[in-house]
């Protein structure tokens, strides 16, 4: 059995999806796992400790200040005496506590005290999942190496609403638990990858530059995901304010020419994912001094020169990677422009997205992309940038399988 004798601490928090935890316990135990349940007060409003304990064949822990359990520092023991902590369902409230280090009940105290892997299966209303506060908390937890499965899209239990927020199905959660605990070779082990991320800054003078709105969030998430899947990843990043992803070699650059040189220096690699929003033009003659305004005079003209096309250079290089993926930020004719870029740049796939000003994609936490390949196109739903990275990671794995 795939999870034979693995010790799973299952935290069940409040929400209608708590009923799925009963089937989840059964599925985990079918595979040989030992499941020890912890229930929040909210969870007990939806399912009873009696039902959970009967299926788990173990005591259900509910209170932080239990006289019986805390005689041997119970919450510390629960936090450490397991192979993995699984939170299913995870509410927006519990995610907020985790992201901000709060510990006011048994579940949140265990999570603050643990040194074990943590897998989170969120479940909440789509508006709550999409709320900026939840997106910030999710990004913080991902940066803290907390793993996620879901949420999925679909109809909500309350009726009349649909979107991203449904808890992943029990079998999908079990598969994520198995993948996290398997300890075997990762699917991209032995592969080398180069990822570009962020904007470039093209100087006009010592204090001014040409740039764009890219935050680097999507490129950094992809680099982290490829590293999680076992690849040896080099990230070439323009100027960003977000943390470096874990397990990744980072090369920092400012200008497009510097980014091109850094990318070419890493070749040959197996995988290239060009996410950076590289400025198309630079100033032909950068001023060594600050350009001063002069009363009554028109601003000086800026003579522009074309920057190197990094994706095209890689796509047609003698040491071309086996898989080349590019991004196409468009404001109109997204599919048509993406298909044209696929051919022109020599890429295997283009992820085209609409970055019109009203979408908030550049600099935001969400993305809506159209995957364009030589065999056809696929529309991906609106999702968080981490979810885009995970989906792209599965595409990369399937390419090399």
Just a yes or no: is a residue in region 298-315 out of contact with any helix residue (DSSP H, G or I) (no Cβ under 9 Å at 6 or more places or on another chain), over 24 Å from residue 201 (Cα atoms) and assigned by TED's automatic domain parsing to the domain that holds residue 196?
yes
Please give the number of the condition residue 222 fails out of (1) farther than 21 Å from residue 348 by Cβ; (2) surrounded by 18 or more Cβ atoms within 10 Å (Cβ to Cβ).
(1)
Tally, over region 340-353, of residues that are farther than 17 Å from residue 222 by Cβ and surrounded by 19 or more Cβ atoms within 10 Å (Cβ to Cβ)
3
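For region 63-82, check the following and say yes or no: at least one residue is under 27 Å from the mean Cα position of the chain (by Cα), within 28 Å of residue 129 (Cβ to Cβ) and modelled with pLDDT of 90 or more.
Yes - at least one qualifying residue is present in region 63-82.
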Specify which of the listed residues (271, 222, 251, 242) is under 21 Å from residue 374 (Cα atoms) and touching a helix residue (DSSP H, G or I) at 6+ places or on another chain (Cβ under 8 Å).
271
In this structure, does residue 254 turn out to be closer than 26 Å to residue 353 by Cα, at pLDDT 90 or above and part of a loop (DSSP other than H, G, I, E, B)?
yes
Region 311-321, residues that are touching a residue at least 40 places away in the same chain (Cβ under 8 Å) and under 24 Å from the mean Cα position of the chain (by Cα):
321
What single numbered condition from (1) under 15 Å from the mean Cα position of the chain (by Cα); (2) surrounded by 18 or more Cβ atoms within 10 Å (Cβ to Cβ); (3) over 22 Å from residue 24 (Cβ atoms) fails to hold for residue 209?
(1)
Of all residues in region 82-111 being out of contact with any helix residue (DSSP H, G or I) (no Cβ under 8 Å at 6 or more places or on another chain) and outside any strand (DSSP E or B), which is nearest to residue 16 (Cα to Cα)?
91
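The values are calculated or read from the model by the stated rules, or taken from the named source; none is laboratory data. Since we're looking at a predicted model, the values are computed, not measured. Heads up, the Cβs are rebuilt from the backbone with ideal geometry, glycines too, and the neighbour counts pull from every protein chain shown.
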